[in-house]
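Just so it is clear, none of the values below were taken in a lab; they were calculated from the coordinates. Quantities reported herein were computed from a predicted structural model and do not represent experimental measurements. Every residue, glycine as well, gets a Cβ built from its backbone with ideal geometry; the counts of neighbours run over all protein chains shown.
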Amino acid sequence: MDRNTVDPLSVASHTLSTGDRIPCIGLGTFGSDKYGPDEIAAAVDGALKVGYRLIDCAACYGNEDKIGPVFESALKNGLKREELFVISKVWNDSHGYQAVQRSCEKSLRDLKLDYLDAYLVHWPFPNYHAPGCDGDSRNPDSRPYLHDEFMETWAGVEELVKRGLVRNPGVSNVTIPKLRLILKDAKIRPVLNEMELHPSFQQGELFQFTLDNGMQPIGYCPIGSPSRPERDRSADDVNDMEMPELKAIAERHNVHPALICLKWAVQRGQIPIPFSVKPAQYLSNLKAVTGDKLTREEMNVLRGLDRNARMIKGQVFLWPGAKSWLDLWDVDGVIPGWTSD
Ligand SMILES: NC(=O)c1ccc[n+]([C@@H]2O[C@H](COP(=O)([O-])OP(=O)(O)OC[C@H]3O[C@@H](n4cnc5c(N)ncnc54)[C@H](OP(=O)(O)O)[C@@H]3O)[C@@H](O)[C@H]2O)c1
């Protein structure tokens, strides 16, 4: 191995409840309305070459058809399918028993794969917003979480598992109250739970609940999503990279603060999926989690940086009658229903 690659075998992995193994870090593929499909496909190609084996995709990122040929060529050139772990997600406009299956089939065609290692329900609402919309846009057809409706979509995901198209089903952007209902009624339980996780937003209770129920947490925006779209920015956002304690640890390790976020994530037990199209960044991100570790003391300092600072508030998914983005996250422990007449 030269200095510009990492041996995939040196990257730690987790065993999922199904027995499948998943690397402890992956590459994100959401361009944040800033990076285009070709750039992202080139990054996936580069990432596979430097040693990544986990790629987090989604239909709504609008680039699966560009990433597919990258997988196809890597598999033709010697990468074994079982060495690769590909996640995709059903978008909010394709909920429902039949629609989720059609959406998965399309992702498979676009990604040029016979099966997905994981397939997640991206959001627990069928609430659609147009790509690139601004933060004030609302869809009048949006609705709150309706459990029966969600379970129809989940039944479609279960069918995909039975059809051999999906190995590990999962959820994303759910809360403990929603998960309790889903776990109660699912015939095939979610194996993965993808959620926002970075030092200033640690979601301790949801993280522990996920582990306690045999699911693997995957952490999105692991370095605080510095390039996120305007609609996901607000005045009181915390910038993880600027937190003095985090910067001090980074200085001590002589690395960028981003890499401390990734070391912290892996040592805590979630799987970070940092995005980058820049080869130096994605290589250093992978190297960070195979290199020196944070001390117990440093981990404790980072644990103290939780500010409950959610960045991806999801306000574009609010339904008529909802009060604020907090309604999406069941902050009182209760799932809000319809509040309009
Ligand atoms: N399930 C969901 O609902 C959901 C939601 C959001 C995201 N995701 C997934 O999570 C992935 C990651 O989230 P994200 O892209 O929002 O946030 P992120 O990974 O926290 O941030 C990505 C940005 O961080 C910067 N960066 C990356 N590596 C760096 C390094 N070594 N040094 C300095 N800066 C570095 C880059 O900024 P520059 O480009 O400016 O250099 C990059 O664009 C997404 O791509 C997507 O796959 C899922």
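Okay, here's what the table says:
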quantity: Candidates Q202, Q216, Q281, ranked by Gaussian network fluctuation over the chain, Cα under 10 Å, top entry; calculated: Q281
quantity: Spatially proximal lysines relative to K263 (Cα-Cα < 27 Å; intrachain offsets below 8 disregarded); calculated: K34, K49, K89, K247, K278, K287, K293, K313
quantity: Overall form of the stretch 90-233 per C-alpha gyration tensor (a/c, 1.5; a/b vs b/c); calculated: rounded
quantity: Label point distance in nm, D236-E205, each placed 7 Å from Cα along Cα→Cβ; calculated: 1.8 nm
quantity: Summed residue charge, Cβ within 9 Å of H147's Cβ, Lys/Arg positive, Asp/Glu negative; calculated: -2
quantity: Low-density loop positions, trypsin sites (Lys or Arg not before Pro), the stretch 153-214 - DSSP coil, at most 14 other Cβ in 10 Å; calculated: R163, K187
quantity: C-alpha center-to-center spacing [the stretch 119-166, the stretch 11-38] in angstrom; calculated: 20 Å
quantity: Full-extension gain in nm, T290 to A130, via 0.36 nm per residue minus C-alpha separation; calculated: 53.7 nm
quantity: Alpha carbon centroid spacing (whole Å) that separates the stretch 73-93 from the stretch 259-301; calculated: 23 Å
quantity: Calculated FRET efficiency for the pair D141/N4, C-beta based, R₀ 51 Å, to 0.05; calculated: 0.55
quantity: Cα gyration tensor category, rounded, prolate or oblate, for the stretch 90-166 with a/c compared to 1.5; calculated: oblate
quantity: Charge sum, other residues only, whose C-beta stays under 15 Å from G135's C-beta, Lys/Arg counted +1 and Asp/Glu -1; calculated: -1
quantity: Backbone N within the stretch 11-26 under 19 Å of label point (7 Å from L183 Cα along the Cβ vector); calculated: 15-19
quantity: Under 15 Å, Cβ to Cβ, from Q208 - net charge with Lys/Arg +1 and Asp/Glu -1; calculated: 0
quantity: Listed residue (T175, L283, H122) projecting farthest to the positive dipole end of the chain, Cβ model; calculated: L283
quantity: Rounded if a/c under 1.5, otherwise prolate or oblate - the stretch 139-212, Cα gyration tensor axes; calculated: oblate
